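Enquirer: Have a look at this one before I ask anything.
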Amino acid sequence: MTDLTPTVDLPPGCLAWLATHLDRPESPACVHARPWSTVWRLAHAGGTAWLKIPGPGYEHEPALTAALARWRPADVAQVRGLDARRGWLLLDDAGNTLRAQTPDIAALDAWPAILARYAELQIALLPHVAEMAALGVPDRHATGLAAQIDAVLDDEAALMLDQPDGLTAALRDSLRARLPRLRALAARLADAGLPETLANEDFHDANIFIRDGHPRFLDWGEGGVTHPFVSLLVLQRSLAYRLGLTAGSPALTRIIDAYLQPWTRFAPLPVLRDQLAPAGVLGRACRALTWHRALAPHGDAVPADDRSAVPGWLELLNEALE
């Protein structure tokens, strides 16, 4: 088995490159090392910066992040340096995460404004969809998801087929038989007319940073161009876990309605609410595809705890299509 432990050493030439972008940088400290990305913290004369180098499957993230910083500089981290060919992304410090900065009780009041701002960001990115595709942002258009899932179902290694924590052959057959339902659901959402845009699938309070009182949205590797409400799947799971907000609770309804409000320029609020549950089904498909994209290049060298994400999300998708 190949050793996939990510190195904490910088790639050759990276220190010299950093010195061209930072004033007197100190030795970098590796703070995150996984197959899909490695992150270093760098103190320098002007404060703190962060170097991120994504792994296979996330090569688009540096160029996308730089593009977002040009299009919506107030909503994302500022880019100090970019080497798109080598996948090096150097970011200014964006503050503290919402999770670290805001106590749970205060987060209830913080979320509506944050989600409204995130929706405005997604809407502002509508004119840039073609540009994002050219940067390599994954195509997760709703009407194409069933075909993409069908292809993943052929990858028995990724499914961990009939292995512990893997997908059983019976469940794979069940999901494949239900893919027409996914196609029909996607077609209904497409007919509803809400435009597709960039959706961060891993959208939660540890990927939202607060600096000078303003939220900034980071970590854009996990996502693609799809139905915008796909971002709400992981968010709602996180809110249920951290704040105890269950479906239908008044507090959660207030938070989600704040996100939906900017979208009322495209459809009435009741119509938008009707799209939440179907978009959550699409979100399960997107999560399975994104994990497959991240892990497939590494084969069984990835620990089973991580590899089980692909069959796990496929099982949740199968349940949602019952």
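Values in this text are rule-based calculations from the coordinates and carry no lab data. Worth saying up front: this structure is predicted, and the values here are computed from it rather than measured. Methodologically, a virtual Cβ is constructed for each residue, glycine included, from the backbone with ideal geometry; neighbour enumeration extends over all protein chains shown.
Enquirer: Name the one entry in Asp173, Asp212 that is free of Cβ contacts under 8 Å to residues at least 12 places away in the same chain and among the charged types (D, E, K, R).
Expert: Asp173
Enquirer: In addition: Checking Leu269 against (1) out of contact with any helix residue (DSSP H, G or I) (no Cβ under 7 Å at 6 or more places or on another chain); (2) without any contact (Cβ under 8 Å) to a residue 40 or more places away in the chain, which test does it fail?
Expert: All conditions are met except number (1).
Enquirer: Give just the number: which of (1) surrounded by fewer than 18 Cβ atoms within 10 Å (Cβ to Cβ); (2) in contact (Cβ under 8 Å) with a residue 40 or more places away in the chain does Asp191 not satisfy?
Expert: (2)
Enquirer: State which residue is farthest from Ile114 (Cα to Cα) when the search covers only the range 231-280 and only residues that are of a type in the set (A, V, I, L, M) and part of a loop (DSSP other than H, G, I, E, B).
Expert: Going residue by residue through the range 231-280, those that are of a type in the set (A, V, I, L, M) are 232-235, 239-240, 243, 245, 247, 251-252, 255-256, 258, 260, 267, 269, 271-272, 276-277, 279.
When the remaining residues are screened for being part of a loop (DSSP other than H, G, I, E, B), the result is 245, 247, 267.
Details: Leu245: 17, Ala247: 19, Ala267: 21 Å.
Per the stated criteria, the residue is Ala267.
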